[in-house]
Amino acid sequence: MKADLHCHSHFSDGKHTANFLIERALTNDVTHLALTDHDCTNVHENLQGSQPLSIIKGVEISCAWQNHELHIVGLSINPQHAQLENLLSCQQEKRRQRVREIDAKLVKIGIQGLLPYMSDLSAVAQTRSHVADFLVQRQFCTTRKKVFKQYLNKSGNAYVGALWCSLEAAVDAITSGGGIAVLAHPGRYGINRTKLSYLVDAFKEAGGHALECTYPSIAAEMQADLLKLAIGKGLYVSGGSDFHDASATWTDVGKFPPLPKNTDQFSVWRHPSWSATTPALTA
């Protein structure tokens, strides 16, 4: 068994269709793939699993905690659950409003055309990454990294802050329909170990189930720290590629450091929501 429990399609900020992701997963010998777009579940509409690949219904919700933006992955979700649908609809509108405000700032400095560009995309959940692509394509910057520095980060000419839902709301929307809530890539939030421990406590208190303890480019020390944190606080462990784009060199579907064999008993597959016959994540 080989599982990837975190990846994105063109319905959010990924570059590819669900069929592309499925074919990529099969090529890379992935057996279980979770499709986890930002703040939308459209990728799951009319999608059937392809043997020998099992498709897991998922989502990744942006939320706020103590002035930090966090991402909560939902696995084995019910996309039609009313509470989840309502929250995602609200998140999508917040994203569209943010883009409209960014567009207004860009127009003031002589850059037009963002909104028509966005309307031509497949994205249901619009992101700053799409804005960055637009500015690179229009040759206002040479790279997306430079776009964020010059335009989209806090000191940028077109910065607009996000108004995400709370950590508690994100977790509750996932779990209310029977889903499994996973704190995504905890090592990427730029907080120290003490604050990360507080975050994990808050996540668990909100009803969260698991930590993502492996993902591309994670340092061995960070993985060990996250495993210790998860197990010590009675949480399951998960992992995924966070795949977005085949042209990226740092990730691919199913490509990320494996979890140690001695953590099998703590795998997210052990959660009661999974089938009792499903093998462990690291098997």
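To keep it simple, each residue is scored yes or no on (1) buried (at least 19 other Cβ atoms within 10 Å of the Cβ); (2) assigned to a helix (DSSP H, G or I); (3) not small (Gly, Ala, Ser).
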{"residue": "124", "(1), (2), (3)": "yes, no, yes"}
{"residue": "140", "(1), (2), (3)": "no, no, yes"}
{"residue": "149", "(1), (2), (3)": "no, yes, yes"}
{"residue": "158", "(1), (2), (3)": "yes, no, no"}
{"residue": "174", "(1), (2), (3)": "yes, yes, yes"}
{"residue": "178", "(1), (2), (3)": "no, no, no"}
Take residue 96 and decide whether it is touching a residue at least 24 places away in the same chain (Cβ under 8 Å), surrounded by fewer than 17 Cβ atoms within 10 Å (Cβ to Cβ) and either in contact with a Leu (Cβ under 7 Å, 6 or more places away or on another chain) or of a type outside the set (A, V, I, L, M) (or both).
yes
Residues of segment 191-213 satisfying the condition of being out of contact with any Ser or Thr (no Cβ under 7 Å at 6 or more places or on another chain), part of a loop (DSSP other than H, G, I, E, B) and touching a residue at least 24 places away in the same chain (Cβ under 8 Å)
191, 206, 208, 209
Can you find even one residue in segment 219-241 that is of a type in the set (Gly, Ala, Ser) and part of a strand (DSSP E or B)?
yes
Picking from 240, 234, 254, which residue would you name as being closer than 22 Å to residue 74 by Cβ and out of contact with any helix residue (DSSP H, G or I) (no Cβ under 9 Å at 6 or more places or on another chain)?
240
Index of the failed condition, residue 254 passing every other in (1) touching a residue at least 24 places away in the same chain (Cβ under 8 Å); (2) surrounded by fewer than 20 Cβ atoms within 10 Å (Cβ to Cβ); (3) touching a Ser or Thr at 6+ places or on another chain (Cβ under 8 Å); (4) more than 25 Å from residue 68 (Cα to Cα):
(2)
Please go through segment 197-217 and give me each residue that is surrounded by fewer than 19 Cβ atoms within 10 Å (Cβ to Cβ), closer than 24 Å to residue 260 by Cα and touching a helix residue (DSSP H, G or I) at 6+ places or on another chain (Cβ under 8 Å), ordered by number.
197
Tell me, yes or no, whether segment 161-171 has at least one residue that is touching a Ser or Thr at 6+ places or on another chain (Cβ under 9 Å), among the acidic types (Asp, Glu) and under 30 Å from residue 266 (Cβ atoms).
no
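Every number here is computed from the coordinates shown, using simple stated rules; none is lab data. Small disclaimer: the values here were computed from a predicted structure and weren't measured. Please note: Cβ atoms are built from the backbone with ideal geometry, for glycine as well, and neighbour counts cover all protein chains shown.
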